[in-house]
1. At a Förster radius of 45 Å, what calculated FRET efficiency corresponds to the Cβ-Cβ distance of residue 456 and residue 146, to the nearest 0.05?
2. Need one number: nm distance between label points at residue 522 and residue 734, each 7 Å from Cα along Cα→Cβ, rounded to one decimal.
3. How many nm separate the modelled label positions at residue 424 and residue 616, each set 7 Å beyond the Cα in the direction of the Cβ?
4. Please state, rounded to one decimal and in Å, the Kirkwood hydrodynamic radius that the stretch 596-736 gives when every pair of distinct Cα atoms enters the mean of 1/r.
5. Stick to Cα atoms and the Kirkwood definition of Rh, then tell me Rg/Rh for the stretch 1-40.
6. Measuring from the lowest to the highest alpha carbon on each principal axis, how far does the stretch 3-380 reach, largest first, in angstroms?
7. What FRET efficiency would be calculated for the residue pair residue 393, residue 672, taking the C-beta separation as r and a Förster radius of 60 Å, to the nearest 0.05?
8. What distance in nm separates the two pseudo spin-label positions at residue 444 and residue 220, each 7 Å out from Cα along the beta-carbon direction?
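Just so it is clear, none of the values below were taken in a lab; they were calculated from the coordinates. Remember, it's a predicted structure, so these values are computed and weren't measured experimentally. Neighbour counts run over all protein chains shown; Cβ positions are idealised from the backbone, glycine included.
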């Protein structure tokens, strides 16, 4: 590797990217597009500037960019957030991805692409851009709207689908087949490794982080986080998956820890750096001659993305019981493709299965749809008004009725849903754990025993494996906290029949017996396996049930506590101090009404009856803060109180303010405005004119003749007065 050339190329694209992105911020366009343009300018396709010495150098940096981007998406993802988003997001995302995959495949066939290229094209067109949508919501000040939370939940599920899709497309590309058996095997393999990684990660990482808490400053946390990210990426390749999948999984595991915000903070500069290199590498694939030649397919695909996302997104929201207004606003927000389209396209190029002309076409489609995103979002309310006026009354009635029926549920249905979900999840999780134990035993433990004790290896290996599996076999047969599920779900109704529960119990017993028989028949006959299996299940269920139950309750409690570590740390529910008092750690938000106030003025103790015992400000700890200490956004405060007191305090302390991008402070200036005889301000005072609210300017002085005076609240404006005002350039010009 030519190190000098590597550094030269990196320096060139970063400097060029800096110039272009500054220009794009000046014209108020997404920075991602600036990176793509910078990549085009740095490529051999643009002859008026020097180009990089080797595209392989940029590819090297871009691969790191993909890993870091997926790791960052994983930190924002969290499996708990996915569960909380509910079935609505999953169903909507499934409808969108399936519909757009089908539309992309059909358009690809129409354009005479090969089957594998049609599949990749469908995958690229089915993923909306999380980055662009969040940026548009922030710029338009829509983060507090109902539909935005639903759209963000759909994007979370789409990210998961994209990771699954990358694995499936890789398998199809390598095996040159789209057989159902191969797809099912790939999905099963993916689910197996995802669950194992998730379980091990949730058990191990929070405990390690808590043990190392006093050593984890920002520098160490960055090293640990990136080490875990790259380590999981390498292990993912070893298991037959991609680097990107491993990075995403590690990010999603870390998202459940109490360090998630700090990890996101310390890794953001790395994500921004290498992410920019990735998008610049995307821009280097832009070929003007191909765009000029394929302008019609670009326009067709752009239309397919816009129309398809609106139709499938709106339909998906309606199916899940959302109102017509929310459904239309959601559909119009998803009208673009972004980062995952580039990642999937890069995957196809690396596997040498994607037609090189498709990449620049998809980049052009992404640029067009990204430019139009804010306009489509703003267009949604108007489109809703038109549809509502022209929608037949009967159809409107059916939609409203479906929405009400979809949101209604009775106690019995909730009871069965809770029980079934619990039963399915526990059965799947414990089955995967038992499969993992049996694979480890077969691949590593048994061969090791055969080397050290050839005569006794079969017997000892079988017994040790079954002992290791015993707690999970028992938990598979009898749910550890099965009786508590109904209570926690507020299920106090009499279920009409116990048949489903009996059927599920019989199924779990048969499944547990199958695992035991399978282990025994590795080295013995099927008859011995059946007899020994029944004996083992009876011993586990009768003789050792109490001891195993205690052990499994401890394991499940530890897992649930680690999974909910962030929430438990905020609420302090597992951190008892004395009696019913808990120590909670919560972060002061940008919208906290007490931010900037002294503790004595905030009256937190009088209002909530809590005690603040510590303030973490960056790396500085303020232990037992005095009454004159102030709270600032970003502070982590230690609060002692009861559950009810802490629950009332949390929303006020962690409140966030929705900031919109209105430019920099440098855009503000001092200007003078002379009032004419016809000025509407004549006769008004600074208070009655309400210039601050209407025009967002402040009158700092008033010049009358040669005299300058402060603008008093009761002073009336007169013709010839010169107002000296401070405000944004556009606001001052509007006032003029």
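1. On the way: r = 66 Å, r/R0 = 1.46.
Plugging the Cβ-Cβ distance into 1/(1 + (r/R0)^6) gives 0.10.
2. 7.2
3. It is 3.8 nm.
4. For the stretch 596-736, inverting the mean 1/r across all distinct Cα pairs yields 19.1 Å.
5. Values: Rg = 11.9 Å, Rh = 10.6 Å.
Result for the stretch 1-40 is an Rg/Rh of 1.12.
6. Sorted largest first, the three principal extents are 60, 58, 47 Å.
7. On the way: r = 58 Å, r/R0 = 0.97.
Given R0 = 60 Å and the Cβ-Cβ separation, E is 0.55.
8. Spacing of the two 7 Å Cα→Cβ label points: 2.8 nm.
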